[in-house]
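J.: Okay, handing you the structure first.
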Amino acid sequence: MRISLKSLTDRVTAIFLFVLFMEISVAIALGISCMYDYHFYASDRDTYALQEAFRVKSEADIEHIFEYASLSAQPAQSLSATQKNKLHTYTVRYSPESTNIRFVVCGQDGQTLLTNLSAQQTDGEAYIYERFAENVDYDIQGSPTRTTMQFRICRSLSASDSYRFVSTLIRVAIAIRFPLIGLFVLSLIAALGIMGALMSAVEVTDEKGREKREYFIDRIPLDLLILILIFVFGFFGVLVALTAIADVRSTNIVLWNAIILIISFFLSVLALVFNLSVAARIKRGHVYRNTLIFRLIARIRKLSGKENDGYFKVPFIGKAMLTVGIAVVTELVVLLYFLYQYYTSETGLLSDFKFVWYVCFWAAGRFILIPVFFMMALNLNRLRESGEHLAEGDFAFDVESNIMFGDFRQINANLNKIRGEMMEAAEEKNRSYQLRSELITNISHDIKTPLTSIVNYVDLLEHSGADAEESAEYMQILKKQSVKLKKLLESLIEVSKLTTGEISAQMEQLDAVMFIEQTVSEFADRLEAARLDIVPTYAAPEMPIHADGDKLWRVFENLFENMLKYAQGGTRVYVDALKEEDRVRIVFKNISKDRLRQSGEELLHRFSRGDTSRHTEGYGLGLSIAQSLTEIQGGTLAVTADGDLFRVDLTFQSAEE
């Protein structure tokens, strides 16, 4: 099922989900990184993580307990209101009922100054964390005193304080440490999938197929856009490096995570915009043409007269091998360079090795290659779908080509061309079957009718004992039907010769105007008898054309015979001769007796007649023969039928030059 992102709401929702999943991925990655630092994925995870967490958290509590001891050692009347409130807060916070901390603060002489341990707890309590601390910053009874502390955390963690909460969090984190990696992978795949769907949904044409206006970012040369993107990523990378140098992560991990999430948000948006721009360029077919490098190469090739060679004329396999080879060799050279820098450094320390630059270079390369290979995979999948539908005979399936580029677009165009030709062949085959069936039916009918008459009247002559007058009448009918059958057979032979290409044209220069006048004169009596008034119109007194005189006469004869059979009596017949650049157009127009229910193209089919009942004279071959004879002479014949208006357009090559 393909994701539909046609509406603006769908696209905005998809963009929001992409950024959300990217932020979730980054947040999970930060959590996994922190868990890795605390040995969550090591064998000592059950003790190290808890001990390290208690160590970090105990720093603040130790400072507070020393202050608590200092305040409690002073006389109550010497304390200010603020100090009294703080002392009360400490007393409540570090009471045995409120905290899992057990502490003993001693003075220089070893005397206990402050403790929250009872005698029973001193003997029977088990501890999960212990620490010794010293302090000389607080005054005890007006004089500086070195104090020491035994700081311990009860194993039972019976009190509901922050240590118990941290312990619970650590146990939960240990349980979900591996599912968290799976969740990271799933969220990252979801983000990349949404980005792919958005790239696929990029539209460069409107509903009418017209190309949309390019956005400003799409007009920026691609290599320049990549450099800008690398600069922006580098800038944010420097910000992260500065926070690392300032030791923000160890001192304030919440601030560190917030900085990383904010930076990743901007980078995710930038990456999405860049990839959408790349998708639009691919669909417009100029993913590499709109680059400074291509323009430079094109300029050099144009100056050197080598516009039709080079990389862009290499076959697809050669392009793939060349591209992958360049990428692999480049990465290998860069890696060897940085390894050389590392092994030749004076200190030999990894911290002095600029490996981060290689990582940035590698990441930038993958940032470019991954979308390209994703689009290649998508194109190959769509070509596979197109091939499968084509193999199954589904010629109506048309694969979307707006995201294809280069050789993929050419392959798809070839498949569409094959599909179109196969559709035409299938339609032509169906028409041939239909025409063959109609041909057999019509030939049978048109031959059977005169043949039946001949057989019947011959039988009458043999057995009826008719007198001389009746016999003469029968003989006249036999002669008429024999002539009719002869004409039909001659027409069939002529059609057969035209179909097999046995008839050729002897081209010469003829005057179309004179030819029309001669034909009109030849048919004048028959036209008058049919009450047809012919109206010729000529654009010039003479219109020389290239044609075969005999075959042109046959064309005109068929057209006039057609008028005599089917034109409405008492109407006008128009014959116009017009000039059209290097062609001469001859137009025949008349009003039909009956309404024409067939199109002009259907009337040109063999054995097709305007009188579908086939009660009028004619066999439906005249127009088809006229068209074939016209095409042999290098001309065209088109028929238009509109209601009862019948029109034939002939065009021939002008011979004026």
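J.: Using packing as a proxy for protection, rank 178-186, 329-337 so that the peptide with the highest average count of other Cβ atoms within 10 Å comes first. Please list the in-between numbers first.
T.: Working: 178-186: 13.7, 329-337: 11.9.
Those peptides, ordered most packed to least, come out 178-186, 329-337.
J.: Sticking with this one: Calculate the tail of P(r) for the range 5-155: the fraction of all Cα-Cα distances greater than 18 Å, expressed in %.
T.: Numbers: 7796 of 11325 pairs.
So the portion of pairs separated by more than 18 Å is 69 percent.
J.: In addition: Mind checking the full-extension length gain between residue 223 and residue 130? Use 0.36 nm per residue of separation minus the Cα-Cα distance, one decimal, nm.
T.: Extra length from residue 223 to residue 130 when fully extended: 27.5 nm.
J.: Further question: Taking just the alpha carbons, could you work out the radius of gyration and Dmax for the range 1-85, both in angstroms?
T.: Computed over the Cα atoms of the range 1-85, radius of gyration and Dmax are 25.6, 79 Å.
J.: What ranking do 418-430, 44-56 get when scored by the average of other Cβ atoms within 10 Å per residue, highest first? Show your work: numbers first, answer last.
T.: On the way: 418-430: 12.1, 44-56: 15.5.
Ranked from most to least packed, the peptides come out as 44-56, 418-430.
J.: Take the range 143-285, drop everything but the C-alpha atoms, weight them equally and run the Debye formula without solvent; then report log10 I(q)/I(0) at 0.19, 0.20 Å⁻¹ to two decimals.
T.: Log-scaled intensity ratios, in q order: -1.24, -1.27.
Each reported figure results from applying straightforward, stated rules to the coordinates on display, with no laboratory input. The structure displayed is predicted, hence computed values, not measured ones. Reconstructed Cβ throughout: ideal geometry from the backbone, glycine too, with neighbour counts over all protein chains shown.
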